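Engineer: To start, I am sharing the structure in question, which I have written as structure tokens.
Each value in this text was obtained by applying a stated rule to the coordinates, not by laboratory testing. This structure is a prediction, so every number in the text was calculated from the model and none was measured. Here Cβ is always computed from backbone atoms with ideal geometry, including for glycine, and neighbour counts include all displayed protein chains.
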Amino acid sequence: MNRLKNWAKQLKRRLFVLYFAYQDERVPWYAKVFTACVVAYAFSPIDLIPDFIPILGYLDDLILVPLGIFLALKMIPEPVIADCEVKAEELIKNGKPKNWVAGAVVLFIWVLALSWIGVWMLQR
């Protein structure tokens, strides 16, 4: 159980590193875009797949977010990561930011999808 807790803490720390890295000018544009998407999704109060859906609801938290963090860290230069790790340690002590814009986008996607399903069902 301690191993799992340590893994979760490391993921959280790396997410904060990415939060600072996507704002850094030394990061290539494609890495910034990908990293911003990963950070926005992870900090979003709304999941793409809601947690109340059995099994699938937690798959995004267990697979997509860690995979996104891993890939984003591979795209960022090491000196940037080192600088951002220092900033991340300070941020962890103060609390994580929320990305309400990303949450609104995900909510909008869900509303569109449910509306489309509703219209489709009414036509049947």
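Engineer: May I ask you to derive the relative contact order of the chain, considering only C-alpha pairs under 8 Å and at least 6 residues apart, and to give it as an integer percent?
Structural biologist: 36
Engineer: Leaving out same-chain residues fewer than 8 places away, which aspartates and glutamates sit with a Cα under 16 Å from that of LYS9?
Structural biologist: Excluding near neighbours in sequence, the set is ASP61, GLU85, GLU89, GLU90.
Engineer: At 222 nm, what helix-only mean residue ellipticity would the chain give, in deg cm²/dmol to the nearest 500, using -39500 (n - 2.57) for each DSSP H run of four or more?
Structural biologist: -24000 deg cm²/dmol
Engineer: With each label point set 7 Å from Cα along the Cα-Cβ vector, what nm distance links ILE63 and GLN123?
Structural biologist: 3.1
Engineer: Can you give me the angle between helix 65-75 and the longest principal axis of the chain, using Cα atoms only, in degrees from 0 to 90, rounded to the nearest 10?
Structural biologist: That works out to roughly 50 degrees.
Engineer: Could I ask something else about it? Checking the a/c ratio against 1.5 first, then a/b against b/c, what shape does the Cα gyration tensor give for region 1-76?
Structural biologist: Cα axes put region 1-76 in the oblate bin.
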